[in-house]
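Okay, structure first, notes after.
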Amino acid sequence: MGCLIAARKWDACLNRLPGRWTDGFRAPDLRQIARADKLHAEVMADRLSRLRDEGTT
């Protein structure tokens with residue numbers, strides 16, 4: 001519980017500063033990173049599949 005309160009206080013302090021100054025102080029959005037990684041893997045699998053298909057025809 002203490003960490004949550006500290007995180008809210010930290011966010012309140014960062015909200016007072018201009019956005020670009022605080023980007024390095026905030027934690028990354030791990031869910032967004034995971035979604036981007038999954039999308040990248042799907043796109044690469046599709047691309048490699050198409051390249052294999054083009055090589056066999």
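The values are calculated or read from the model by the stated rules, or taken from the named source; none is laboratory data. Because the structure is predicted, anything quoted here is derived from the model rather than measured. Note: ideal-geometry Cβ built from the backbone for every residue, glycine included; neighbour counts use all protein chains shown. Ligands, DNA and RNA are excluded from the accessible area calculation, which covers all protein heavy atoms including side chains. Shrake-Rupley method; radii C 1.70, N 1.55, O 1.52, S 1.80 Å.
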Summed over the other residues with a beta carbon less than 13 angstrom from that of Arg35, with K and R at +1 and D and E at -1, the charge totals -1
CD proxy, 222 nm, the chain: helix-only mean residue ellipticity via -39,500 (n - 2.57) per DSSP H run with n ≥ 4, per residue, nearest 500, stands at -26000 deg cm²/dmol
Under the 7 Å Cα-to-Cβ spin-label approximation, Leu30 and Leu51 lie apart by a distance in nanometres of 3.2 nm
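If you take the beta carbon distance between Asp23 and Met44 as r and set R0 to 35 Å, what does 1/(1 + (r/R0)^6) give as a FRET efficiency, to the nearest 0.05?
On the way: r = 28 Å, r/R0 = 0.80.
It comes to 0.80.
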Cα pairs beyond 16 Å in the stretch 1-44, in percent, come to 56 percent
Rounded to a whole %, the carbon-and-sulfur portion of the accessible area of the chain at a 1.4 Å probe is 61 percent
